[in-house]
Each structure stands twice: as structure tokens, then as C-alpha cells.
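The values are calculated or read from the model by the stated rules, or taken from the named source; none is laboratory data. Nothing here was measured: the structure is a model prediction, and the numbers come from that model. Cβ atoms come from the backbone with ideal geometry, glycine included; neighbour counts cover every protein chain shown. Accessible surface is based on the protein model in full, side chains and every heavy atom, while ligands, DNA and RNA are left aside. Shrake-Rupley method; radii C 1.70, N 1.55, O 1.52, S 1.80 Å.
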Amino acid sequence: MQPLANITPLKPAGAIEVRNVGQIFKTTTQDVIALEDVSLDVKPGRFVVLVGPSGCGKSTLLMMMAGLRQQTSGTITISGAPIPEPDPNRVGVVFQEASLFPWLTAEENVEFPLALRRVAKSERRAKAQDALKLVGLDGFGKRHPHELSGGMKQRVSIARGLVQDPPVLLMDEPFAALDEQTRMTMGDELLRIWAATGKTVVFVTHSLTEAVYLADEVIVMSPRPGRIVDHLQVSLPRPRTYEMLSGDAFGTLRDRIWRHIRKSA
Amino acid sequence: MQPLANITPLKPAGAIEVRNVGQIFKTTTQDVIALEDVSLDVKPGRFVVLVGPSGCGKSTLLMMMAGLRQQTSGTITISGAPIPEPDPNRVGVVFQEASLFPWLTAEENVEFPLALRRVAKSERRAKAQDALKLVGLDGFGKRHPHELSGGMKQRVSIARGLVQDPPVLLMDEPFAALDEQTRMTMGDELLRIWAATGKTVVFVTHSLTEAVYLADEVIVMSPRPGRIVDHLQVSLPRPRTYEMLSGDAFGTLRDRIWRHIRKSA
Amino acid sequence: MRGLGVKAARIAIVVALFAIWEILSRSGIVNPRLLPSASDTLATLGELLQRASVRKDLAVTATEVVTAFALAVPVGALIGFLIAENRYFADVAKPLLFFAFSIPKSIFLPMFILVFGVGFAQKVGFGFFSTIFIVIMSTTTAVESVKVEHLTVARSYGATPMQTAFRVYLPSMLPVLLEALRISMIFNLTGVILAEMYASRDGIGHQIATWGENFQMKQLLAGVLMIAVIAIAFNELVRWVETRCSHWRT
Amino acid sequence: MTAATLRRLIVIGLIALWELLPRAGLIPELFLPSLSSTLAAGWNEAGEYGHALAVTLYEVAISMAFACGGGILLGAIVGSLPRPRILIMPMVSSLYAVPLVILYPVFTVWLGIGSESKIAFASIYGFLPTMLATAAGIQTIDPQLLLAARSMGATLSQRLVRVIIPAAIPTVLSGLRVGGALVIVGVVVSEMLISSAGIGYLISRYRTILDSPHVFAGVLLVLAMAIAFNAAIKWIERKAAIWQTGTRAGQNAAEEISTTTLQPAT
Amino acid sequence: ADTVRIGLPTKTYWPTTIAETAVRQKLFEKEGIAAELTIYRGGAETFEAMAAGAADVILDATSLVSAGRKKGVNSKVLASAATGYYGWQLMTLSKSTLGVKDLAGKKVAITSAGSGSDLLALWTQQDKKIEFTRVPVGGGGLVPNLLAGNVDAAVVYSPLSFQISKSGEARTILDFSKEVPPNLAAGWIALDKYVQDKPQMVQKTLNALYGALMFMRANKDASVKLITELYEIPAEIAALEYENTILKLETDGSMDGAKIPEQLQLALDMAKAGGMKDLGPAAEIISTQFKPVPTKP
Ligand SMILES: Nc1ncnc2c1ncn2[C@@H]1O[C@H](COP(=O)(O)OP(=O)(O)OP(=O)(O)O)[C@@H](O)[C@H]1O
Ligand SMILES: Nc1ncnc2c1ncn2[C@@H]1O[C@H](COP(=O)(O)OP(=O)(O)OP(=O)(O)O)[C@@H](O)[C@H]1O
Ligand SMILES: O=C([O-])O
Ligand SMILES: [Mg+2]
Ligand SMILES: [Mg+2]
């Protein structure tokens, strides 16, 4: 991990503070209140999962944390400082839509963030290879996006997010297009990387099982306007195992979330 | 449903026959055998779910059934006739990526297939409204795709697929970006429409629960090269209920599929 | 609000340009005989527009320009579309057409007199000839920039070639196409005026040539301004269409 | 018949017509001298034409750098910044609407009648369409790609070079094609109007004294430049084909690549 | 009535004034024909237009007729119009002290290579035995480049020459109308085919044109007024144009005259010196078929 110049000693790298944040979209027809009065504290190194019905504002919240969109009201700080601009040294993003560059190969897409930082060719090739191996795309590096399946594209996009290695990683439904087995493997891989690097992860998913399996905390949102309706601490021990899925603690948490979603969707 | 001119009396509308189909992609680096010797018979009015690990060739198979891509070997017939060209009177497709036209509103996107057939303005507006309501996007008709969330876009795309009302409906991971509640509601809606219209549906999903819940038959594929490794009949009674999910029959089927996926992913 | 600001800024820039022009000329930084002041030029412009003959010339030129444009754009767009759509036709015609584009058209002015004589048909013919290649090329590129997945969707719904053209190609190419339309108009206008300057009985190009050769700078600049205003008016019209059609872009 | 064969037949047909029509007296030699007499005229004055070609090529090369390089760069910058785009683009395209050819004789006052004025004129003539086409192409770029690049901390120049230009490649290439062709036209036309060197100068000088074979020898050289330019663009297009994946142009290019790789090289 | 299409090389050039006068005085009507005037970019373009069949009778440099014959365009000079370069002057800026002799090694602006102004520049070099650089700047570039100091002198046509002389911007250092020996520089021209098909039309056209010249000679005020209007110049300049060009033109037009072959040959020789090749003998392009009978207003 590269040194972070712009953090204050009091707020360690990776802390996220969202204070009374609102987001209003102006459209041609009417104004849309996407988020209203959202407050949220994520301690460094936590794995936080965001769930909520379609259109409740999860992606919008992530975009604001990434500095890709400015909130209409409220403040957001990452590692103690506001984020008026995207800052890859503080935050990395894996988008909901794969957003690969069609003119680059899978490998080159993964290398892209490193190339931006002028990492030496050989080093970035090696890192890209590792990341592709991690997402199970060993040997697909030379393909262009249009030659990949939907799930493969999404995995390339995840590899691109991982290779940047920022203290905060925002992931927007990264596993949505994956089969259950791949999804599990990748979830475990992600937890391994997270544990090893101490990153803060904010992860959006629609799978409640996945949410509980991965999270330290689950944040549940309701739509129109998007609000936080619940904030659960998942106190299951780590490492998580698939046996836990059938345990009571797991079931209780999952049910609690499910009731929220059911109500608001 | 409109009358079908080009079906033979022997092969009723909605039958799908896939015989020894293979698909080889030529890429700049090497040739990719995406599918090999795939054979499959779908009787009219059946609900067939296709599962398999990422990159096994599900989308490719669907594209060939839709006449959007020609197989390298083998034959495919829909309602008794080959499908060298897309034919919206025989087959409708919901694509894996929403592929909405950015210059049209949600409503206009849904109306698109009807507009192509010169359906009267008022009629197609009414149909589009119905379809949007069905996918829970009542009131979002006037928005453009870039003003919608990922899940909303996917639902518009589903509405677009439903509005054309063909005897065969091919759906490629249509619910991937939806939360569990919406997913369930939409699954039930789909089953209702299916039961009422007698359509043949081929449905791709990564959720094994969803697969068993929806299907008459589940077809399991393995990757590189893509082959059919199992073909299950789901004999659970209809209408399906959520209580069945915890039943033994359900668990057995799910486990059987899971073992295949586990092996090949 | 933002629209107003942009308008104000634009007007400010135009005013500033005229002010610089005026100052350059009045202060003698540029010889006023070579660059008459903006105010003098505008006064001359007003005076010229009073003349029935000038108005008639403008009408003649406008008719030629509009006719040539109305012919060149659909024909060119059709050919361009065919090139993009049909591999065989493209392989035959594309290199030849692209090659023809890079030849200075004015070399062929005498040929047009040979074929059409001197008159309306010759001006329109040359305007057409000056415009069609750029229309063809731009259409081809615009077609080629269309996203494959959008075509796939349309294909899956059984869109006819016509429907694909109007419902997929046209909207997705619109920004490129409208830009092409603007440039085409400029070529068209230049073509017609060159033809008028070369041989004619009337038309504004004819006048401009005379003013230039007689060193009547005020009239020359006023004439150029006249043409520029026409071209700019057309530009703005296209832009208006563009903003009406492209609101979905962010 | 393959497309290439038909195309060659057309070209051969045109060449044959060029020789035969004047010979048969169907077109007066004044308008179109036969190809053979044109070639003879060019050959007899080979030195003069060679010198003129050198001058013209020099002017074309420099103008090309200004027009295409500058046009693509500025088009990409202006096209990707919404504010300047809204403010500047209308003014730029309006500026281009001023028929410069008419004012060219006056411009020579400040630019002289040497190569500088040709280069200035041709640069402007080719620059604006290149810039406008590039800027328009930028607008068709998927905004999601720019968002992704921004999230990875791409600076403006990195976004320009690594995202905007590659994504706009089909339009940029056409801008290049149009701009480059216009540079050739611009240089030759300005030489024809006012100059004492270059192919355009020879064309208009011989034209004034009705020496049509020499006029067409000059035209032939212009055609040769156009052919060379087209070959260069084709080469660039082939190099850039890989960038165009996901668009129609990319599909065509990919087909082209696969057909050429499948065919034995003969 | 049958229409004759008259081709004129530029607007502000005396043939235009004459043809316009003929139209306004209804001289063509009096001959029972109609006329359609077309103005071209220059002499070569006018000649091409005639060759293309877009003009029937043109006024142009006689040398082009000779050059055209070698290019498959058969035409003849039907009537002599001017034996001098009236109003053409070699000019420098007023503040310049250069004389003709001082131009050696300097830059002199001409309109374009091979044009009338080029011919005169070449003649000056030969006659004065000096060498200078001829710089083609186009008609529109002559005065601007002179004023801007890009060139040291310029060969200027009328009435532009009168205009900038009168305004005090430039002064004449050589008056070609006086210095160049009389030669048949310009005449009325038609294709042989047209002459053969419609000799009557040609005769009537020439009658009207020479009638117009006669009218102009007889009506100074009306003529000056017409020039003022056509050229958009002050009346005093128009008067100069009238005095110095219109009144100098050939009134007879007949190609029978004893001096004609010699004067025409001189014109061709000058053209040869100017770079024209393949010029035939003068006799080849003389037509004596017509003698203009000026139409009375
Ligand atoms: N650019 C925009 N203009 C207008 N409205 C927008 C825009 N972007 C998002 N919205 C609206 O804001 C709301 C929240 O959108 P967002 O994409 O954050 O949802 P989400 O929770 O990520 O949903 P999903 O699970 O479907 O991805 C939605 O109602 C959407 O329509
Ligand atoms: N145009 C293409 N060129 C080359 N290879 C391709 C192309 N399209 C698909 N493939 C390859 O074919 C295989 C099957 O792809 P397909 O998209 O059918 O997979 P899928 O089963 O739908 O996967 P997913 O669940 O990830 O969507 C993949 O290995 C993919 O890389
Ligand atoms: O020749 C021109 O098109 O300017
Ligand atoms: Mg989202
Ligand atoms: Mg797929």
C-alpha cells in the first residue's frame, strides 16, 4: 500500500464518515430525492455491506463516497478529509456495470490504473496477471471485453479494482453476474485480501446470505427517498464458514434484513 | 398472441430443438470452442432454466436460439423451422446487459418493439404502461436510462421483452441486478404470465434456488467447451410456494445442481 | 440560468471581437484601408442591403445553395449509408469516393460549364459536387460509430433496414451527423460562391469577386459578413435541432 | 467478381476514357488533354514539376501537423469539457462558416505570399473540421467509461489520451481523413490563388495560358498526393482497428483482419 | 428574338461598360436580337466558357485565340477592340522614390502568372533591360500587398490604377498605354462554328457593340454616370476611366486594316515572351468577314 499523505493522525486511513447527506437529482420532468439525511460511520478496516431494494440509492451513495458525485447536502469524509474529487490513493471503486474499455484487452484493462500511475511495464503486467488469476481468468488476459461473457467482464472489473490497492474499496454488486460457486470462491478471496491488507470495504449486494456471510456490519436502506433503516452488527466469528449459513445466528440476522427489504421493495 | 404463419402443423408453436450444436469463436489469438455437441429438446409451453458457471456458453446458446448468431455446426429449430434470422413473431429476447437505447425514455424503450410493428400509438402506450407496472416501475416511464438505477434498467429491459408477447421467450439473467424481494415478485409475475399464455420460456440464472423455483426442467452446463452435463425434471407441483423452498424435494434438486456447478466452476 | 449565462458570454465574446476589430482599424495598428473599421463595414452592410440588386443577388445565391444542399444531403447520406451497410459496395466505392474527396474541386469548374453552361444548374451542380463527398464520408463514419449491442436489440425485434436506420442509426449518430451537416453546409456555400465567382450574371459571389478585384474593402468585408451571417444562421438552426434532440445526453 | 477487381476495372475504365475521349475529339483538348499528352507534358518539364511537388509536399506536411494534430487535441479537450464546449463550439463552427477563400488575397498582406500563407490557410481549412468532428465524436462516448477513469485518478491529459481519444477513434479517424484531405485541397487552392511556387501555382499559370496538358500534369500530381494520403490513412486505420471493438467500424475491421489472416499471402 | 451570349472577362473592365451600354440603349433590340451578358473570373475562364459553348461572342486577349487553336478550339478574332493597355500602370507607393530602373532585383506584383499583368511585367523587363521578381498576388491582392509593403511595385489595371493614384496612395512610374507599342491586344471573338452557323447574329452583335461605343463617345455625361454606377466608384474616377480608356478604343473594329496583321503578330510575340507556346501565325486567327456598322441609338 502506498503512503497516504493527506490523512490527519487523528483519523486513520480508511475511516468513512457520512453526515446528513442528501442527494437530489434534477430531471426534465421532476426532481428526484435519491437520498435524504443519510449518516453513517465506518471505522477503518471494517467490512460493511449495503443492502436495499432496487433504486434505493446504494450506487448513488457509493458514487459520493468515491468523489464521483457531490452530495446536495451534508458532508462526507474519507480518511478524515472531504473527497471533492476521486482520489485513487484513498478510494477504489468497482462499478455496478463492468465499464471496461472495449479497446483494451482484459489484461490491459486491469493494468489501466497502474499505467495511470506510471508503474513500470513489467511490474504492472505481473500484478495484472495475479489479479486475473485471483478472479479465475488465468489465460484470458489477451481477450477483448466483447470476447468475454457477462460474468467474465465483471470479474475483469473486480480485478481492476483490486489491483489499485487503496485503503478504501467500494464495490457495487460486484458478484451479481456470477454463478454461486464462483461467487463463493470470490467472496472468500475478497475476505482473505481484506484480512491481509486491513482495507475498509463497502460492498453492495442483493444477496442477503452473501451480505451476512461477508459483513462486519450490514446497512439496510429503504427507497424514495433513500434512508438508512437499519444498521446491524454481524458478530459471527471469523473466518466465516459455510456451516454458519445454516446456524441460528445467521438465520436471525438474515431474517431481520429480509423483513426490511420485504417491507420496502 | 398474433397468429404464426410459419409453423408446421406437426411442430406446435414454441417447440425448440437443438441438435448437435457447436460454436467456435475465432479471435485474434486463438480459436475458442464455446459450445460443443449441444442437443436439447424443449416442448412447447415448458419453462426451462439454464444454469452453468460463468463463461460456459449460456448466452451464446440463447443468441443462437434467437437467430442472432449462427452456430458453427448442428441445427436449431424453433416452432419447427430453422431460425437463420431473428424473428420476433417466434422468439423474444431479454438480454443479459440491459442494452436500452439511451435516447429513448423508459416508456419509449418498452414501446420500441411495438413501434417497429406499427402498433397504434395509444395501444402501445397502454401496453408499455402495463408492462412497466408489472416490473414495478410505474411512474418512471418518462425517465431516460441514465436516470435509472442498475436494477431499474434491467427491469425496463424485462418489460421490453414482455411487451412483444412471442411464443418463445429467452431471458438471460434477467433478475441479476434485483434485490431478493423484487426478484421474487418478478419471478411470480413471470410464472403467472407464463401460465396464462402458454409460452415456452428459456431462462438463464445463477441462483439455483430461483432455478428450481421457476423451472419445469433445469439444464446444467459445464464450461470449456460448453456441454450439457445434466437435465433435471422438476416435478414440484404448481403453483410453487415459498414453503417448498425448505422442502426435501427442493433441497435434493438444488444439491444435485450444486454439485455439478461446484465441480466445473 | 446556465443557458442565460452561456448566451451572455457568447454575446460578450462577439461584442469583444467587434471591439477589437474596431480598435485595430481606428488606431491604425492595421491599415484602415486594408481593414476598414467594424462600424464602417456594418454601415456599408446596411447600405448594401438597401439595394434591390444586392437583395436579388442574395436571393439567387440562397436559392442555389438551398437547392444544392437539398439534393446533396439525402443523396450523400444514402450513398454513405449503403457504403456502411454493404460490404461489397463499400469495397468498390469507398476508396474511390474518399480519393475524390481529397481533390480540390475548383479544378473541375470549367467542366461544369462544359456540361451545364452558365447558370442555375451549373451553380447547383458545383455546390452539389462540393458537398456530396463530405456528406458521404461523414455518414459512413457516423454509421460505423453505432454500438453493436443496440443493433442486436433492434435485430432481435425484427427491425427492417429502414426501421434500423431511422430508429437506431439516426438517433445514435445524431451528434456526429449534425456536425457533418454543419460542415457540409459550409462546403456547399463555399462551392456555390466559388462557382459564382468563376462565372455568373448574378449572385452574391459574383459581387464579392468584383469588390475584391476593385479593392473595395468595405464592400468586400460587408459581403463576407453577409455570407457569414447566413452560414451562422444555418449553424444555429442545426444547433437548435441538436439541443432539442440530445437532451438525453449528460 | 471481387470488389477489388470491380474497383480496378472502374479505375482502368476511367483511365481509358481519359485517353480516348479527347483523342476521339469528344472533349476538346482544352478541357481534357489525353492522358498520354498529359504525361508527356509532365515528363518534359519533370524538373519544374519535381520542384513544385517538393514545395507543395513541404507545405502539406506542416499544415497536416497543425490541422490534424492540433484539431484532434483541441477537439478532444473542448469536446470533453462541457462548459467550453457549450461556449466555444458554436463560435468555432460559425467562424468556419466565414468563407475564408474569399479573404485569402487580403490575408497574404500579413502572411506574405510564400509558404507561410499557404500553411496558415490550409491549417485553418483542415483544422476546424478535424476539431469539430473530434469534439462531436467525443459526445458519443459512454460516460460510464469516463467515470471509471476518473475513479482511478486519471488526470485530464490521461483521460484525453487513454480514454477519450481511443473511444472516439472512429470519429477521430474520419476527422483525420476529412482534415487531411482538406489540407491538400487548401494548399493547392491557395497556391492556385496566389503564389509563385508549388503545384497549384503551376496549374493556374498554365491554365491562364490555356496550356491544358501542363495543367493536367499538375492535376495528376495532386491526384497522386491524394492516393498517397489515402494509403496512409488506410494504414493508420488498420493499426487503430483494435481500438474500435464494440462499434460497427470495429466489426468491419475485425472481419478484415480475420479474412486477411485466413487467406494465404500471395 | 435570338439571344447572343456575350462573355466578359471581369466586371470592371471596359468591355463590360460597352456591352452594358448596348443593353441599356436597347441597341441589341434595335438589331432585332437579345443579349445575355455573363461575367467571368478572367480572360482564360472567358475563353474556356466560349470553348464550352456557354458564350457566343467574347472579348478576350487575342493570344488566347491562337493558343486555343492548338487545343482544338477553333475561333477567330472578328473585330479589333483595343491596341493598347489603356489605364494599365506600373505603380509604387507615393512615398516610394523608386523609378522603373530601380526595380531591378525588387518585387513587382502581378495578378497571376501568364495573365495580362504578367505580360506587361515581362515586357517591362525586356524593354528596360532589368530583372525583377514577378509576384502573383491575384486581383484582390494587388493593392493590399502594395500598401502593406510586401511588394515594391505593382502592375495595376484601370480604374483601380486611377483610384489609388487619385487617393494619393500610389503613383505611376510607367504608363503602359503610352509605352507599349500599339498591338492588337484585345478583340471580339467567336467560335468558327458559331460564325458559320449564325453570321447574321455575329454581325448584329458587333453592330450593337460598336454602336454602344459610338454612343459613349458622344455622350460623356451619361457614360460617366453609367461607369460610376457599374463600378461603384466616384464620378471623377469614372471620368478618368472614360477619358483614358473608352475614348482610346478602336472605333472601326474592322480586321481589314493594313496594320492589323502586324499589330496582331506583335501581340502574339509578346504572349510568347510571356511563356505561351505553340502559337500559330497571326493570319490564322484573323477573320475579315465582318465590318461593324454601329447601331444608331
Ligand atoms: N442521473 C440521475 N438522474 C436522475 N435520477 C437518478 C440519476 N441517477 C440515479 N437516479 C435515481 O436515484 C435513485 C437511486 O439510484 P441508485 O442508482 O443509487 O439506486 P441503487 O440503489 O443503486 O439501485 P440498484 O440496486 O437498482 O442498482 C433511483 O430512483 C434513480 O432513478
Ligand atoms: N465474440 C466472442 N469472441 C470470442 N469469444 C467469445 C465471444 N463471445 C463469447 N465468447 C467466449 O465464449 C464463452 C461463452 O460465453 P458466454 O457469454 O456464452 O458465457 P455465459 O455462459 O453466458 O457466461 P456468463 O454467465 O458469465 O454470462 C466464453 O468463454 C467467452 O469468452
Ligand atoms: O476546391 C474547394 O472545394 O475549395
Ligand atoms: Mg445500483
Ligand atoms: Mg452470459
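Which residues, taken from region A:76-101, are away from every other protein chain (no Cβ under 12 Å) and either acidic (Asp, Glu) or open to solvent by 20 Å² or more (accessible area, probe 1.4 Å) (or both)? Please lay out each step first, then the result.
Initially, region A:76-101 is screened for residues away from every other protein chain (no Cβ under 12 Å), giving A:76-82, A:84.
Matches in region A:76-101: A:Thr77, A:Gly80, A:Ala81, A:Pro82, A:Pro84.
Would you check which residues across region D:22-49 are within 14 Å of chain C (Cβ to nearest Cβ), in a helix (DSSP H, G or I) and modelled with pLDDT under 90 and list them?
D:Pro22
Exactly one of these conditions fails for C:Val54: (1) open to solvent by 60 Å² or more (accessible area, probe 1.4 Å); (2) in contact with a Leu (Cβ under 8 Å, 6 or more places away or on another chain); (3) not aromatic (Phe, Trp, Tyr). Give me its number.
(1)
Scan region B:135-142 and give yes if some residue there is touching a residue at least 24 places away in the same chain (Cβ under 8 Å), of a type in the set (A, V, I, L, M), in a helix (DSSP H, G or I) and crowded, with 21+ Cβ neighbours inside 10 Å, otherwise no. Walk me through how you get there before you give the answer.
From region B:135-142, those touching a residue at least 24 places away in the same chain (Cβ under 8 Å) are B:135-137, B:140-142; that's our starting set.
Cutting the leftovers down to of a type in the set (A, V, I, L, M) gives us B:135, B:137.
Now narrow it down to the ones that are in a helix (DSSP H, G or I): none.
Checking region B:135-142: not a single residue is touching a residue at least 24 places away in the same chain (Cβ under 8 Å), of a type in the set (A, V, I, L, M), in a helix (DSSP H, G or I) and crowded, with 21+ Cβ neighbours inside 10 Å.
Just to verify a result, which residue in region B:102-134, among those that are open to solvent by 30 Å² or more (accessible area, probe 1.4 Å) and touching a Leu at 6+ places or on another chain (Cβ under 8 Å), is farthest from the other protein chains (Cβ to nearest Cβ)?
Top of the filtered list is B:Glu123.
Hey, E:Thr288 hits all of (1) in contact (Cβ under 8 Å) with a residue 60 or more places away in the chain; (2) among the hydroxyl-bearing types (Ser, Thr, Tyr); (3) within 18 Å of E:Ala186 (Cβ to Cβ) but one; which does it fall short on?
Looking at each condition in turn, E:Thr288 falls short on (1).
If you go through region A:241-258 one residue at a time, do you hit one that is open to solvent by 30 Å² or more (accessible area, probe 1.4 Å) and either in contact with a Ser or Thr (Cβ under 7 Å, 6 or more places away or on another chain) or part of a strand (DSSP E or B) (or both)?
Yes, region A:241-258 has at least one match.
Could you pull out every one of the strands (runs of 3 or more DSSP E) wholly within region E:69-167 that has 3 or more residues that are within 17 Å of the chain's Cα centre (by Cα), crowded, with 20+ Cβ neighbours inside 10 Å and not acidic (Asp, Glu)?
Working: elements: E:75-82, E:89-93, E:107-110, E:133-136, E:153-156.
Fully inside region E:69-167 and qualifying: E:75-82.
So which residues in region C:16-34 are more than 26 Å from C:Phe215 (Cβ to Cβ) and modelled with pLDDT under 90?
Once the filter is applied, which keeps residues that are more than 26 Å from C:Phe215 (Cβ to Cβ) and modelled with pLDDT under 90, region C:16-34 yields nothing.
Restricting the search to region B:156-168, which residues are buried (at least 23 other Cβ atoms within 10 Å of the Cβ) and more than 22 Å from B:Pro145 (Cβ to Cβ)?
Of everything in region B:156-168, those that are buried (at least 23 other Cβ atoms within 10 Å of the Cβ) and more than 22 Å from B:Pro145 (Cβ to Cβ) turn out to be B:Pro166, B:Pro167, B:Val168.
How do the pairs read when you match residues in region E:29-57 that are in contact (Cβ under 8 Å) with a residue 24 or more places away in the chain and within 9 Å of chain C (Cβ to nearest Cβ) with residues anywhere that are open to solvent by less than 20 Å² (accessible area, probe 1.4 Å) and aromatic (Phe, Trp, Tyr), using Cβ under 6 Å and keeping only pairs 6 or more apart or on different chains?
E:Arg41/C:Tyr198; E:Thr46/E:Tyr40; E:Ala49/E:Tyr40
Yes or no, residue by residue, for (1) open to solvent by 20 Å² or more (accessible area, probe 1.4 Å); (2) away from chain E (no Cβ under 14 Å); (3) touching a residue at least 12 places away in the same chain (Cβ under 8 Å):
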residue: D:Arg159; (1), (2), (3): yes, yes, yes
residue: D:Ile164; (1), (2), (3): no, yes, yes
residue: D:Gly179; (1), (2), (3): no, yes, yes
residue: D:Met192; (1), (2), (3): yes, no, yes
residue: D:Ser204; (1), (2), (3): yes, no, yes
residue: D:Thr208; (1), (2), (3): yes, no, no
residue: D:Leu220; (1), (2), (3): yes, yes, yes
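Report yes if some residue within region D:75-82 is more than 25 Å from C:Val229 (Cα to Cα), touching a residue at least 40 places away in the same chain (Cβ under 8 Å), open to solvent by 20 Å² or more (accessible area, probe 1.4 Å) and polar (S, T, N, Q); otherwise report no.
So far as region D:75-82 goes, yes, one or more of its residues are more than 25 Å from C:Val229 (Cα to Cα), touching a residue at least 40 places away in the same chain (Cβ under 8 Å), open to solvent by 20 Å² or more (accessible area, probe 1.4 Å) and polar (S, T, N, Q).
Determine which member of the set C:Ala154, C:Ala228 is more than 16 Å from ligand 2 (Cβ to nearest atom), small (Gly, Ala, Ser) and closer than 30 Å to E:Leu160 by Cβ.
C:Ala228
Please go through region C:220-236 and pick out each residue that is within 7 Å of another protein chain (Cβ to nearest Cβ) and in contact (Cβ under 8 Å) with a residue 24 or more places away in the chain. Before you say what the answer is, go through the steps one by one.
Of all residues in region C:220-236, those within 7 Å of another protein chain (Cβ to nearest Cβ) come to C:224, C:227-228, C:231-232, C:235.
Within region C:220-236, C:Ile227, C:Ala231, C:Asn235 qualify.
Can you tell which of E:Ala258, E:Ala239, E:Ala283 is outside any loop (DSSP other than H, G, I, E, B), modelled with pLDDT under 90 and surrounded by fewer than 21 Cβ atoms within 10 Å (Cβ to Cβ)?
E:Ala283
For region B:59-75, name all the residues that are open to solvent by 10 Å² or more (accessible area, probe 1.4 Å) and within 16 Å of ligand 5 (Cβ to nearest atom). Walk me through how you get there before you give the answer.
Going through region B:59-75, the residues open to solvent by 10 Å² or more (accessible area, probe 1.4 Å) turn out to be B:59-60, B:63, B:68-75.
Matches in region B:59-75: B:Ser59, B:Thr60, B:Met63, B:Leu68, B:Arg69.
Which residues, taken from region D:76-134, are polar (S, T, N, Q) and farther than 30 Å from E:Asp152 by Cα? Give the derivation first.
Going residue by residue through region D:76-134, those that are polar (S, T, N, Q) are D:80, D:93-94, D:108, D:115, D:117, D:123, D:130, D:134.
Listed by number, the residues that qualify are D:Ser80, D:Ser93, D:Ser94, D:Thr130, D:Thr134.
Looking only at region A:179-205, which residues are among the β-branched types (Val, Ile, Thr) and under 13 Å from A:Leu169 (Cα atoms)? Steps first, please.
Initial filter on region A:179-205 (among the β-branched types (Val, Ile, Thr)): A:182, A:185, A:193, A:197, A:200-202, A:204-205.
Once the filter is applied, which keeps residues that are among the β-branched types (Val, Ile, Thr) and under 13 Å from A:Leu169 (Cα atoms), region A:179-205 yields A:Ile193, A:Thr197, A:Thr200, A:Val201, A:Val202, A:Val204.
Can you report the number of residues in region B:100-150 which are touching an Asp or Glu at 6+ places or on another chain (Cβ under 7 Å) and within 16 Å of ligand 4 (Cβ to nearest atom)?
1
Does A:Met244 qualify as being among the aliphatic types (A, V, I, L, M) and either within 16 Å of ligand 4 (Cβ to nearest atom) or within 13 Å of chain B (Cβ to nearest Cβ) (or both)?
No: the conditions fail for A:Met244.
Kindly indicate the residue of region C:100-141 that is in a helix (DSSP H, G or I) and of a type in the set (Ser, Thr, Tyr) and also nearest to the other protein chains (Cβ to nearest Cβ) among those meeting that condition.
Ranking the candidates gives C:Thr141 first.
In this structure, is B:Val229 surrounded by 23 or more Cβ atoms within 10 Å (Cβ to Cβ) and not in a helix (DSSP H, G or I)?
The answer is no for B:Val229.
Return the residues of region A:43-56 that are more than 7 Å from chain B (Cβ to nearest Cβ) and open to solvent by 10 Å² or more (accessible area, probe 1.4 Å); say none if nothing qualifies.
Once the filter is applied, which keeps residues that are more than 7 Å from chain B (Cβ to nearest Cβ) and open to solvent by 10 Å² or more (accessible area, probe 1.4 Å), region A:43-56 yields A:Lys43, A:Pro44, A:Gly45, A:Arg46.
Could you say which residue among C:Arg155, C:Arg182, C:Arg244, C:Arg239 is surrounded by fewer than 20 Cβ atoms within 10 Å (Cβ to Cβ), at the interface with chain D (Cβ under 9 Å from one of its Cβ atoms) and either charged (D, E, K, R) or not in a helix (DSSP H, G or I) (or both)? It would help to see each step written out before you state the result.
Numbers: C:Arg155 fails: at the interface with chain D (Cβ under 9 Å from one of its Cβ atoms); C:Arg182 fails: surrounded by fewer than 20 Cβ atoms within 10 Å (Cβ to Cβ); C:Arg244 fails: at the interface with chain D (Cβ under 9 Å from one of its Cβ atoms).
The conditions single out C:Arg239.
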